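Have a look at the structure below before the remarks.
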Amino acid sequence: MNIHEYQSKAILRGYGVNVPDGGAAFSVEEAVKQAQTLGADVTVVKAQIHAGGRGKAGGVKLAKNLDEVRQYAQELLGKTLVTHQTGPDGKVVKRLLIEAGSNIKKEYYLSFVVDRQTARVVMMGSEEGGVDIEKVAAESPEKIVKEYIDPAIGLAPFQATRMAYKMHFPKETIRQVTKLMINLHHTFVKKDCSLAEINPLVVTQENDVVALDAKLNFDDSGLYRHPDIESLRDEAEEDPKELRASKLGLNYVNLGGNVACMVNGAGLAMATVDILKHFGGEPANFLDVGGDSTPEKIAEAFQIMLDSGQAKGIFVNIFGGINKCDLVAQGIVDAAKIISQDGKSLPVPVVVRLEGTNVERGRQILKDSPVANVIMAETMEGGAEEIVRLVKGDSHA
Ligand code: GDP
Ligand code: MN
(Lines give C-alpha, C1' and ligand atoms only; values in the text may rest on other atoms or scores of the structure.)
(Ligands and ions follow the chains in the order given, each with its own letter.)
Protein backbone atom coordinates (compact mmCIF):
# COMPACT_ATOMS: atom_id res chain seq x y z
CA MET A 1 0.00 0.00 0.00
CA ASN A 2 1.13 3.53 -0.82
CA ILE A 3 0.45 6.74 1.04
CA HIS A 4 0.99 10.40 0.23
CA GLU A 5 4.22 12.30 0.82
CA TYR A 6 2.68 14.50 3.55
CA GLN A 7 1.49 11.38 5.39
CA SER A 8 4.92 9.76 5.08
CA LYS A 9 6.54 12.90 6.43
CA ALA A 10 4.19 13.00 9.42
CA ILE A 11 5.14 9.41 10.28
CA LEU A 12 8.85 10.10 9.81
CA ARG A 13 8.63 13.22 11.98
CA GLY A 14 7.23 11.00 14.74
CA TYR A 15 10.32 8.81 14.51
CA GLY A 16 12.73 11.72 14.70
CA VAL A 17 13.57 12.03 11.01
CA ASN A 18 14.22 15.65 10.08
CA VAL A 19 11.56 16.82 7.60
CA PRO A 20 10.52 20.38 6.72
CA ASP A 21 7.68 21.97 8.72
CA GLY A 22 4.41 21.76 6.87
CA GLY A 23 1.10 20.06 6.39
CA ALA A 24 -1.64 19.12 3.96
CA ALA A 25 -4.15 21.44 2.31
CA PHE A 26 -7.29 20.36 0.47
CA SER A 27 -8.33 23.82 -0.75
CA VAL A 28 -6.76 27.11 -1.80
CA GLU A 29 -7.87 28.75 1.45
CA GLU A 30 -6.31 25.97 3.51
CA ALA A 31 -3.11 26.31 1.53
CA VAL A 32 -2.86 30.04 2.24
CA LYS A 33 -3.67 29.50 5.90
CA GLN A 34 -0.98 26.82 6.19
CA ALA A 35 1.57 29.11 4.58
CA GLN A 36 0.58 31.93 6.91
CA THR A 37 1.11 29.70 9.95
CA LEU A 38 4.49 28.56 8.64
CA GLY A 39 5.63 32.12 8.04
CA ALA A 40 8.60 30.95 5.96
CA ASP A 41 10.53 33.14 3.51
CA VAL A 42 9.90 30.59 0.79
CA THR A 43 6.90 28.25 0.84
CA VAL A 44 6.86 25.07 -1.22
CA VAL A 45 3.52 24.09 -2.77
CA LYS A 46 3.61 20.41 -3.71
CA ALA A 47 1.03 18.33 -5.55
CA GLN A 48 0.18 15.17 -3.62
CA ILE A 49 -0.36 12.17 -5.89
CA HIS A 50 0.88 8.60 -5.57
CA ALA A 51 3.62 9.12 -8.15
CA GLY A 52 7.05 10.69 -8.37
CA GLY A 53 8.48 12.90 -11.09
CA ARG A 54 6.28 15.79 -9.97
CA GLY A 55 9.11 18.29 -10.01
CA LYS A 56 9.74 17.94 -13.75
CA ALA A 57 5.99 17.91 -14.47
CA GLY A 58 5.39 21.24 -12.71
CA GLY A 59 3.93 19.78 -9.54
CA VAL A 60 6.43 21.40 -7.14
CA LYS A 61 6.34 25.20 -6.86
CA LEU A 62 8.34 27.65 -4.79
CA ALA A 63 6.28 30.63 -3.60
CA LYS A 64 7.87 33.84 -2.33
CA ASN A 65 4.72 35.27 -0.73
CA LEU A 66 1.12 34.41 0.14
CA ASP A 67 -0.18 35.68 -3.20
CA GLU A 68 2.05 33.22 -4.97
CA VAL A 69 0.95 30.44 -2.63
CA ARG A 70 -2.64 31.24 -3.57
CA GLN A 71 -1.81 31.34 -7.27
CA TYR A 72 0.08 28.01 -7.26
CA ALA A 73 -2.55 26.28 -5.13
CA GLN A 74 -5.23 27.44 -7.57
CA GLU A 75 -3.15 26.21 -10.46
CA LEU A 76 -2.41 22.77 -9.01
CA LEU A 77 -5.67 21.76 -7.31
CA GLY A 78 -7.84 19.93 -9.83
CA LYS A 79 -5.05 19.78 -12.38
CA THR A 80 -4.22 16.47 -14.06
CA LEU A 81 -0.53 15.92 -13.55
CA VAL A 82 1.24 13.66 -16.03
CA THR A 83 4.63 12.45 -14.84
CA HIS A 84 6.80 9.57 -16.04
CA GLN A 85 5.31 7.50 -13.22
CA THR A 86 1.58 8.23 -13.67
CA GLY A 87 1.09 6.75 -17.12
CA PRO A 88 -0.32 8.83 -19.99
CA ASP A 89 -3.67 9.50 -18.26
CA GLY A 90 -2.01 11.27 -15.36
CA LYS A 91 -3.50 11.84 -11.93
CA VAL A 92 -5.80 14.56 -10.68
CA VAL A 93 -4.34 16.63 -7.84
CA LYS A 94 -6.77 16.79 -4.91
CA ARG A 95 -4.37 17.49 -2.07
CA LEU A 96 -1.35 19.74 -1.57
CA LEU A 97 1.55 19.75 0.81
CA ILE A 98 2.46 23.22 2.00
CA GLU A 99 5.88 23.37 3.60
CA ALA A 100 8.73 25.65 4.55
CA GLY A 101 11.31 25.92 1.76
CA SER A 102 14.89 24.75 2.21
CA ASN A 103 18.11 26.28 0.87
CA ILE A 104 19.52 23.30 -0.92
CA LYS A 105 23.29 22.93 -1.10
CA LYS A 106 23.33 19.37 -2.42
CA GLU A 107 20.81 16.59 -3.10
CA TYR A 108 21.43 12.94 -2.19
CA TYR A 109 19.45 9.72 -2.48
CA LEU A 110 18.68 7.35 0.38
CA SER A 111 16.39 4.34 0.61
CA PHE A 112 15.65 1.12 2.43
CA VAL A 113 14.15 -1.79 0.55
CA VAL A 114 13.78 -5.54 1.03
CA ASP A 115 16.37 -7.42 -1.01
CA ARG A 116 14.91 -10.79 -1.93
CA GLN A 117 18.21 -12.33 -2.95
CA THR A 118 19.84 -11.88 0.45
CA ALA A 119 16.52 -11.88 2.34
CA ARG A 120 17.67 -8.73 4.10
CA VAL A 121 16.79 -5.10 4.24
CA VAL A 122 19.31 -3.15 2.23
CA MET A 123 20.13 0.53 2.64
CA MET A 124 20.96 2.20 -0.67
CA GLY A 125 22.41 5.62 -1.16
CA SER A 126 23.90 7.89 -3.76
CA GLU A 127 25.44 11.31 -3.90
CA GLU A 128 23.52 11.72 -7.16
CA GLY A 129 20.15 12.62 -5.65
CA GLY A 130 17.03 14.36 -6.82
CA VAL A 131 17.16 12.51 -10.13
CA ASP A 132 15.81 9.12 -11.16
CA ILE A 133 17.76 6.48 -9.29
CA GLU A 134 17.10 4.07 -12.16
CA LYS A 135 19.07 6.44 -14.39
CA VAL A 136 21.99 6.53 -11.95
CA ALA A 137 21.88 2.73 -11.72
CA ALA A 138 22.03 2.42 -15.49
CA GLU A 139 24.62 5.11 -16.24
CA SER A 140 26.91 5.18 -13.22
CA PRO A 141 26.22 2.16 -10.99
CA GLU A 142 29.43 2.83 -9.05
CA LYS A 143 27.69 5.89 -7.59
CA ILE A 144 25.18 3.70 -5.75
CA VAL A 145 26.40 2.35 -2.43
CA LYS A 146 24.76 -0.25 -0.21
CA GLU A 147 24.73 -1.69 3.28
CA TYR A 148 22.97 -4.99 3.98
CA ILE A 149 21.35 -5.11 7.39
CA ASP A 150 21.48 -8.11 9.68
CA PRO A 151 17.93 -8.60 10.98
CA ALA A 152 19.18 -9.79 14.36
CA ILE A 153 21.32 -6.69 14.92
CA GLY A 154 19.57 -3.98 12.95
CA LEU A 155 21.39 -1.09 11.31
CA ALA A 156 24.68 -0.92 13.21
CA PRO A 157 26.01 2.59 13.88
CA PHE A 158 29.32 1.75 12.13
CA GLN A 159 27.39 0.82 8.99
CA ALA A 160 25.54 4.15 9.02
CA THR A 161 28.83 6.00 9.48
CA ARG A 162 30.51 4.01 6.70
CA MET A 163 27.56 4.72 4.43
CA ALA A 164 27.63 8.45 5.20
CA TYR A 165 31.33 8.59 4.25
CA LYS A 166 30.82 6.48 1.13
CA MET A 167 28.11 8.93 0.06
CA HIS A 168 30.60 11.80 0.60
CA PHE A 169 28.53 13.82 3.04
CA PRO A 170 30.47 16.80 4.44
CA LYS A 171 32.20 15.97 7.75
CA GLU A 172 30.11 18.38 9.79
CA THR A 173 26.88 16.64 8.73
CA ILE A 174 27.89 13.00 9.42
CA ARG A 175 26.27 12.80 12.86
CA GLN A 176 22.97 14.16 11.54
CA VAL A 177 23.09 11.79 8.57
CA THR A 178 23.72 8.67 10.63
CA LYS A 179 20.98 9.63 13.07
CA LEU A 180 18.56 10.08 10.17
CA MET A 181 19.57 6.71 8.68
CA ILE A 182 19.00 4.92 11.97
CA ASN A 183 15.63 6.61 12.54
CA LEU A 184 14.53 5.86 8.99
CA HIS A 185 15.50 2.22 9.38
CA HIS A 186 13.61 2.11 12.66
CA THR A 187 10.48 3.44 10.91
CA PHE A 188 10.91 0.89 8.13
CA VAL A 189 10.97 -2.03 10.55
CA LYS A 190 8.34 -0.78 13.00
CA LYS A 191 5.81 0.01 10.29
CA ASP A 192 6.40 -3.08 8.11
CA CYS A 193 7.50 -1.04 5.11
CA SER A 194 8.47 -2.55 1.80
CA LEU A 195 10.15 0.69 0.73
CA ALA A 196 11.29 3.87 2.42
CA GLU A 197 12.78 6.33 -0.06
CA ILE A 198 14.11 9.83 0.48
CA ASN A 199 14.88 11.50 -2.82
CA PRO A 200 16.25 14.01 -2.37
CA LEU A 201 17.84 13.93 1.04
CA VAL A 202 19.47 17.35 1.19
CA VAL A 203 22.22 19.20 2.94
CA THR A 204 21.18 22.84 3.26
CA GLN A 205 23.32 25.98 3.11
CA GLU A 206 23.07 25.95 6.92
CA ASN A 207 24.46 22.37 6.93
CA ASP A 208 21.19 20.86 8.10
CA VAL A 209 20.27 17.42 6.82
CA VAL A 210 16.62 17.30 5.69
CA ALA A 211 14.38 14.69 4.05
CA LEU A 212 12.89 16.88 1.32
CA ASP A 213 10.80 14.15 -0.29
CA ALA A 214 9.51 10.97 1.32
CA LYS A 215 7.95 7.83 -0.02
CA LEU A 216 6.82 4.96 2.18
CA ASN A 217 5.29 1.76 0.83
CA PHE A 218 3.85 -0.85 3.16
CA ASP A 219 3.72 -4.63 3.02
CA ASP A 220 0.01 -5.41 2.57
CA SER A 221 0.40 -8.61 4.56
CA GLY A 222 1.50 -6.58 7.59
CA LEU A 223 -1.27 -3.99 7.40
CA TYR A 224 -3.51 -5.78 9.89
CA ARG A 225 -0.96 -4.77 12.53
CA HIS A 226 -1.21 -1.09 11.56
CA PRO A 227 -4.76 0.25 11.54
CA ASP A 228 -3.22 3.75 11.68
CA ILE A 229 -1.54 3.15 8.32
CA GLU A 230 -4.59 1.42 6.85
CA SER A 231 -6.64 4.52 7.64
CA LEU A 232 -4.34 6.58 5.38
CA ARG A 233 -5.41 4.65 2.30
CA ASP A 234 -6.48 7.04 -0.48
CA GLU A 235 -8.87 5.00 -2.58
CA ALA A 236 -8.93 7.64 -5.32
CA GLU A 237 -5.28 6.76 -6.05
CA GLU A 238 -5.85 3.03 -6.42
CA ASP A 239 -6.95 0.80 -9.29
CA PRO A 240 -10.69 0.31 -8.65
CA LYS A 241 -10.55 -3.39 -9.52
CA GLU A 242 -7.60 -4.05 -7.26
CA LEU A 243 -9.32 -2.15 -4.48
CA ARG A 244 -12.53 -4.16 -4.79
CA ALA A 245 -10.57 -7.42 -4.88
CA SER A 246 -8.48 -6.55 -1.84
CA LYS A 247 -11.65 -5.89 0.16
CA LEU A 248 -12.75 -9.43 -0.68
CA GLY A 249 -9.40 -10.93 0.23
CA LEU A 250 -8.58 -11.80 -3.39
CA ASN A 251 -5.05 -11.38 -4.72
CA TYR A 252 -5.73 -9.40 -7.88
CA VAL A 253 -3.25 -7.42 -9.96
CA ASN A 254 -4.37 -5.64 -13.12
CA LEU A 255 -1.98 -6.44 -15.98
CA GLY A 256 -3.73 -4.39 -18.63
CA GLY A 257 -4.42 -7.09 -21.26
CA ASN A 258 -7.72 -8.66 -22.34
CA VAL A 259 -7.51 -12.35 -21.35
CA ALA A 260 -8.65 -12.55 -17.75
CA CYS A 261 -7.62 -15.51 -15.67
CA MET A 262 -8.89 -16.95 -12.45
CA VAL A 263 -6.54 -19.39 -10.80
CA ASN A 264 -5.94 -20.89 -7.38
CA GLY A 265 -2.44 -20.61 -5.98
CA ALA A 266 0.10 -17.90 -6.79
CA GLY A 267 2.48 -20.30 -8.54
CA LEU A 268 -0.20 -21.65 -10.85
CA ALA A 269 -1.44 -18.10 -11.44
CA MET A 270 2.03 -17.06 -12.61
CA ALA A 271 2.36 -20.14 -14.78
CA THR A 272 -1.04 -19.32 -16.29
CA VAL A 273 0.01 -15.76 -17.12
CA ASP A 274 3.15 -17.22 -18.75
CA ILE A 275 1.30 -19.79 -20.83
CA LEU A 276 -1.21 -17.20 -22.08
CA LYS A 277 1.74 -15.08 -23.21
CA HIS A 278 3.30 -18.16 -24.79
CA PHE A 279 0.24 -18.57 -27.01
CA GLY A 280 0.25 -14.89 -27.95
CA GLY A 281 -2.38 -13.69 -25.47
CA GLU A 282 -2.26 -10.58 -23.28
CA PRO A 283 -3.22 -11.41 -19.68
CA ALA A 284 -5.69 -8.96 -18.20
CA ASN A 285 -4.78 -9.81 -14.65
CA PHE A 286 -3.16 -12.01 -12.10
CA LEU A 287 -5.81 -13.48 -9.83
CA ASP A 288 -5.24 -15.99 -7.09
CA VAL A 289 -8.62 -16.90 -5.61
CA GLY A 290 -6.93 -18.83 -2.85
CA GLY A 291 -7.69 -22.20 -1.40
CA ASP A 292 -11.05 -21.55 0.22
CA SER A 293 -13.13 -20.51 -2.75
CA THR A 294 -16.82 -20.37 -2.09
CA PRO A 295 -19.28 -19.89 -4.96
CA GLU A 296 -19.84 -16.33 -3.69
CA LYS A 297 -16.13 -15.52 -3.91
CA ILE A 298 -15.90 -16.98 -7.43
CA ALA A 299 -18.93 -14.97 -8.52
CA GLU A 300 -17.35 -11.78 -7.11
CA ALA A 301 -14.10 -12.54 -8.91
CA PHE A 302 -16.00 -12.90 -12.20
CA GLN A 303 -17.67 -9.55 -11.68
CA ILE A 304 -14.34 -7.86 -11.01
CA MET A 305 -12.78 -9.39 -14.11
CA LEU A 306 -15.72 -8.37 -16.30
CA ASP A 307 -16.03 -4.88 -14.87
CA SER A 308 -15.46 -2.04 -17.38
CA GLY A 309 -15.28 -4.43 -20.33
CA GLN A 310 -11.54 -5.03 -20.09
CA ALA A 311 -11.73 -8.82 -20.40
CA LYS A 312 -12.63 -10.32 -23.78
CA GLY A 313 -12.35 -13.85 -22.45
CA ILE A 314 -11.76 -15.68 -19.18
CA PHE A 315 -9.53 -18.64 -18.51
CA VAL A 316 -10.38 -20.52 -15.33
CA ASN A 317 -7.49 -22.74 -14.33
CA ILE A 318 -8.11 -24.60 -11.09
CA PHE A 319 -6.17 -27.37 -9.51
CA GLY A 320 -8.44 -28.57 -6.74
CA GLY A 321 -6.33 -29.54 -3.78
CA ILE A 322 -7.89 -27.67 -0.92
CA ASN A 323 -10.30 -26.09 -3.37
CA LYS A 324 -13.08 -28.32 -4.52
CA CYS A 325 -13.83 -28.36 -8.23
CA ASP A 326 -17.58 -28.68 -7.68
CA LEU A 327 -17.62 -25.47 -5.63
CA VAL A 328 -15.69 -23.63 -8.34
CA ALA A 329 -18.11 -24.94 -10.98
CA GLN A 330 -21.04 -23.84 -8.85
CA GLY A 331 -19.40 -20.42 -8.53
CA ILE A 332 -19.24 -20.07 -12.30
CA VAL A 333 -22.93 -20.99 -12.63
CA ASP A 334 -23.81 -18.54 -9.85
CA ALA A 335 -21.73 -15.83 -11.48
CA ALA A 336 -23.65 -16.26 -14.72
CA LYS A 337 -26.89 -15.90 -12.77
CA ILE A 338 -25.76 -12.65 -11.17
CA ILE A 339 -24.10 -11.14 -14.21
CA SER A 340 -26.54 -12.04 -16.97
CA GLN A 341 -30.20 -11.14 -16.99
CA ASP A 342 -31.34 -14.60 -18.04
CA GLY A 343 -28.95 -16.64 -15.90
CA LYS A 344 -27.73 -18.43 -18.98
CA SER A 345 -24.90 -16.49 -20.48
CA LEU A 346 -21.70 -14.73 -19.64
CA PRO A 347 -20.76 -11.76 -21.82
CA VAL A 348 -17.42 -13.30 -22.91
CA PRO A 349 -16.26 -16.85 -23.62
CA VAL A 350 -15.01 -18.79 -20.62
CA VAL A 351 -12.61 -21.70 -20.90
CA VAL A 352 -12.47 -23.89 -17.82
CA ARG A 353 -9.75 -26.33 -16.92
CA LEU A 354 -10.57 -28.21 -13.74
CA GLU A 355 -8.44 -30.88 -12.17
CA GLY A 356 -8.30 -32.46 -8.73
CA THR A 357 -10.73 -32.94 -5.86
CA ASN A 358 -14.34 -33.55 -6.97
CA VAL A 359 -13.45 -32.89 -10.60
CA GLU A 360 -16.12 -35.23 -11.99
CA ARG A 361 -18.82 -33.55 -9.95
CA GLY A 362 -17.54 -30.13 -11.07
CA ARG A 363 -17.62 -31.05 -14.74
CA GLN A 364 -21.13 -32.45 -14.31
CA ILE A 365 -22.37 -29.20 -12.74
CA LEU A 366 -21.10 -27.24 -15.73
CA LYS A 367 -22.55 -29.74 -18.20
CA ASP A 368 -25.96 -29.66 -16.53
CA SER A 369 -26.08 -25.90 -16.17
CA PRO A 370 -27.89 -23.72 -18.65
CA VAL A 371 -24.86 -21.40 -18.92
CA ALA A 372 -23.79 -21.01 -22.51
CA ASN A 373 -20.30 -20.07 -23.72
CA VAL A 374 -18.46 -22.12 -21.09
CA ILE A 375 -15.99 -24.45 -22.73
CA MET A 376 -14.31 -27.30 -20.90
CA ALA A 377 -10.62 -27.88 -21.53
CA GLU A 378 -8.82 -31.13 -20.85
CA THR A 379 -5.39 -29.63 -20.21
CA MET A 380 -3.92 -26.32 -19.10
CA GLU A 381 -2.07 -25.99 -22.40
CA GLY A 382 -5.17 -26.76 -24.47
CA GLY A 383 -7.25 -24.35 -22.42
CA ALA A 384 -4.78 -21.49 -22.76
CA GLU A 385 -4.54 -21.99 -26.51
CA GLU A 386 -8.31 -22.10 -26.82
CA ILE A 387 -9.02 -18.89 -24.88
CA VAL A 388 -6.35 -16.96 -26.78
CA ARG A 389 -7.85 -18.17 -30.06
CA LEU A 390 -11.36 -17.17 -28.97
CA VAL A 391 -10.29 -13.71 -27.80
CA LYS A 392 -8.33 -13.06 -30.99
CA GLY A 393 -11.27 -14.28 -33.08
CA ASP A 394 -13.49 -11.94 -31.11
CA SER A 395 -11.33 -8.90 -31.77
CA HIS A 396 -11.19 -9.66 -35.50
CA ALA A 397 -14.95 -9.90 -35.76
P1 GDP B 1 9.33 14.50 -7.18
O2 GDP B 1 9.80 15.21 -8.41
O3 GDP B 1 7.92 14.01 -7.35
O4 GDP B 1 10.25 13.42 -6.74
O5 GDP B 1 9.23 15.62 -6.02
P6 GDP B 1 10.37 16.11 -4.97
O7 GDP B 1 9.73 16.28 -3.67
O8 GDP B 1 11.56 15.23 -5.00
O9 GDP B 1 10.74 17.54 -5.53
C10 GDP B 1 11.38 17.72 -6.78
C11 GDP B 1 12.47 18.76 -6.69
O12 GDP B 1 11.93 19.98 -6.24
C13 GDP B 1 13.56 18.42 -5.70
O14 GDP B 1 14.52 17.55 -6.23
C15 GDP B 1 14.12 19.79 -5.42
O16 GDP B 1 15.11 20.13 -6.37
C17 GDP B 1 12.93 20.72 -5.58
N18 GDP B 1 12.48 21.15 -4.24
C19 GDP B 1 11.64 20.52 -3.41
N20 GDP B 1 11.53 21.17 -2.23
C21 GDP B 1 12.34 22.25 -2.32
C22 GDP B 1 12.70 23.31 -1.42
O23 GDP B 1 12.25 23.40 -0.27
N24 GDP B 1 13.58 24.24 -1.88
C25 GDP B 1 14.09 24.18 -3.13
N26 GDP B 1 14.94 25.13 -3.51
N27 GDP B 1 13.80 23.20 -3.99
C28 GDP B 1 12.94 22.23 -3.60
MN1 MN C 1 11.54 13.06 -5.23
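Here are some residues: 290, 257. Which one is outside any helix (DSSP H, G or I), surrounded by fewer than 22 Cβ atoms within 10 Å (Cβ to Cβ), at pLDDT below 90 and of a type outside the set (Phe, Trp, Tyr)? Please lay out each step first, then the result.
Details: 257 fails: at pLDDT below 90.
Among 290, 257, only 290 is outside any helix (DSSP H, G or I), surrounded by fewer than 22 Cβ atoms within 10 Å (Cβ to Cβ), at pLDDT below 90 and of a type outside the set (Phe, Trp, Tyr).
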Problem set entry | Positions within the range 130-161 being within 16 Å of ligand 2 (Cβ to nearest atom) and part of a loop (DSSP other than H, G, I, E, B), in sequence order | 130, 131, 132
For this session: Within the range 38-57, identify whether any single residue is over 30 Å from residue 251 (Cβ atoms), assigned to a loop (DSSP other than H, G, I, E, B), more than 15 Å from ligand 2 (Cβ to nearest atom) and not aliphatic (A, V, I, L, M), and answer yes or no.
Result: yes
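For (1) within 16 Å of ligand 2 (Cβ to nearest atom); (2) free of Cβ contacts under 8 Å to residues at least 60 places away in the same chain, each residue gets a yes or a no:
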position: 204; (1), (2): no, no
position: 211; (1), (2): yes, no
position: 216; (1), (2): yes, no
position: 244; (1), (2): no, no
position: 247; (1), (2): no, yes
position: 252; (1), (2): no, yes
position: 255; (1), (2): no, yes
position: 258; (1), (2): no, no
position: 268; (1), (2): no, yes
For this session: Report whether or not residue 368 is without any contact (Cβ under 8 Å) to a residue 40 or more places away in the chain, surrounded by fewer than 14 Cβ atoms within 10 Å (Cβ to Cβ) and not small (Gly, Ala, Ser).
Result: yes
Exercise. Under 6 Å by Cβ, and 6 or more places apart or on different chains, what pairs join a residue from the range 10-27 that is farther than 16 Å from residue 197 by Cβ and touching a residue at least 40 places away in the same chain (Cβ under 8 Å) with one that is among the acidic types (Asp, Glu) and within 16 Å of ligand 2 (Cβ to nearest atom)?
Worked result: 20/99; 22/99
Exercise. Hey, residue 7 hits all of (1) away from ligand 2 (no atom under 16 Å from the Cβ); (2) outside any loop (DSSP other than H, G, I, E, B) but one; which does it fall short on?
Worked result: (1)
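Kindly provide the set of residues from the range 93-130 that are of a type in the set (A, V, I, L, M, F, W, C) and either at positive phi or touching a residue at least 60 places away in the same chain (Cβ under 8 Å) (or both), ordered by number. Walk me through how you get there before you give the answer.
First, the residues of the range 93-130 that are of a type in the set (A, V, I, L, M, F, W, C): 93, 96-98, 100, 104, 110, 112-114, 119, 121-124.
Within the range 93-130, 96, 97, 98, 100, 104, 110, 112, 113, 114, 119, 121, 123 meet the criteria.
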For this session: Evaluate the following for residue 206: is it closer than 15 Å to residue 129 by Cβ, within 16 Å of ligand 1 (Cβ to nearest atom) and out of contact with any Asp or Glu (no Cβ under 6 Å at 6 or more places or on another chain)?
Result: no
For this session: Quickly run through the range 28-78 and pick out the residues that are buried (at least 16 other Cβ atoms within 10 Å of the Cβ) and among the hydroxyl-bearing types (Ser, Thr, Tyr).
Result: 43, 72
Exercise. Which of (1) more than 11 Å from ligand 1 (Cβ to nearest atom); (2) crowded, with 17+ Cβ neighbours inside 10 Å; (3) modelled with pLDDT of 95 or more is the odd one out, the single condition residue 91 does not satisfy?
Worked result: (3)
Seminar exercise, completed: residue 338: passes all of (1) in contact with a Lys or Arg (Cβ under 9 Å, 6 or more places away or on another chain); (2) modelled with pLDDT under 90; (3) not hydroxyl-bearing (Ser, Thr, Tyr) but (1)
Exercise. If you go through the range 202-211 one residue at a time, do you hit one that is surrounded by fewer than 21 Cβ atoms within 10 Å (Cβ to Cβ) and farther than 25 Å from residue 46 by Cα?
Worked result: no
Exercise. Out of the range 101-129, which residues are crowded, with 16+ Cβ neighbours inside 10 Å, in a strand (DSSP E or B) and of a type outside the set (Val, Ile, Thr)?
Worked result: 106, 107, 108, 109, 110, 111, 112, 123, 124, 125, 126
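The values are calculated or read from the model by the stated rules, or taken from the named source; none is laboratory data. As the structure is a computational prediction, the values presented were derived from the model and not from experiment. Virtual Cβ from ideal backbone geometry, glycine too; neighbours counted across all protein chains shown.
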